[in-house]
Amino acid sequence: MTLPIITERLVLRKYTHDDIPDVLVFASQPSVATVTSGRIQATEEGVRQYIDLQNSYQPFEKDQVFELAVERKEDGRVIGLLGLICGDHRQGEMGWALGVEYRGRGYATEAARVLMDYGFNSLGLHRIHADTNRDNLASCRVMERLGMRREAQLRDAVHEDGKWVDRVIYGILAEEWRKEVGDAAQGERSL
């Protein structure tokens, strides 16, 4: 894969140590810390270790949690992360986390759409899934905008903040993705 990947408003790329201050800001937010499951320690040294680990991976190395920095073009600020884990049997798992102040602006959908396209069309994945807490309605909407279908709800699947929380799983097959992309392109041509 050739990095960076550039979208209309974002640059998806490997991290550099210059990103430490930006990553520290969003990694310190409780909702991001929950999503990253302790992969990023919210200290300068913890972020440095996370960046070094991410940069030690080959892009989309099998079974590695490889995450890209999501940089906003307009100001060069790293506003979050986006990952794709490639597993056995051409299966992929996608995840994202954005700083609170950057949510609700379509950044997650924009970034995930281009990475999903890469997963199906360049990596040859057959299926990509994502999961989130049942109450994370914004993330569920991102998955639905990507054409993913809700496949399962796992009851009391994780224990967070002293209570059991349900997880929901969304997925999409390569053939569904190609139809979704084709239908969207057809709609744009007819405008």
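Read-outs: derived from the displayed coordinates by stated rules, not from any lab. Since we're looking at a predicted model, the values are computed, not measured. Positions of Cβ are backbone-derived with ideal geometry, glycine not excepted, and every protein chain shown enters the neighbour counts.
A few notes on this one:
- Counting only DSSP H runs of at least 4 residues, each contributing -39500 (n - 2.57), and dividing by the residue count of the chain, the helix-based mean residue ellipticity at 222 nm comes to -11000 deg cm²/dmol.
- Cut-off of 10 Å, at most 11 other beta carbons, DSSP loop: longest stretch of the chain lacking such GluC sites (Glu not before Pro): 75-191
- Segment 1-54 and segment 105-154 have Cα centres lying 19 Å from one another.
- Anisotropy class of segment 34-87 from Cα gyration tensor, a/c 1.5 cut: oblate
- Overall dimensions of the chain by Cα: Rg and Dmax, Å: 16.4, 52
- Counting 0.36 nm for each residue step from H89 to K62 and taking away their Cα separation leaves a gain of 8.6 nm.
- Sparsely packed loop sites in segment 1-93 (the chymotrypsin sites (Phe, Trp or Tyr not before Pro) outside DSSP H, G, I, E and B with at most 14 other Cβ atoms within 10 Å) comprise Y57.
- Residue separation of T34 and R150 scaled by 0.36 nm, minus their Cα-Cα distance, works out to 39.6 nm of gained length.
- Placing R0 at 30 angstrom, the Cβ-Cβ distance between H17 and D117 gives a FRET efficiency of 0.50 after rounding to 0.05.
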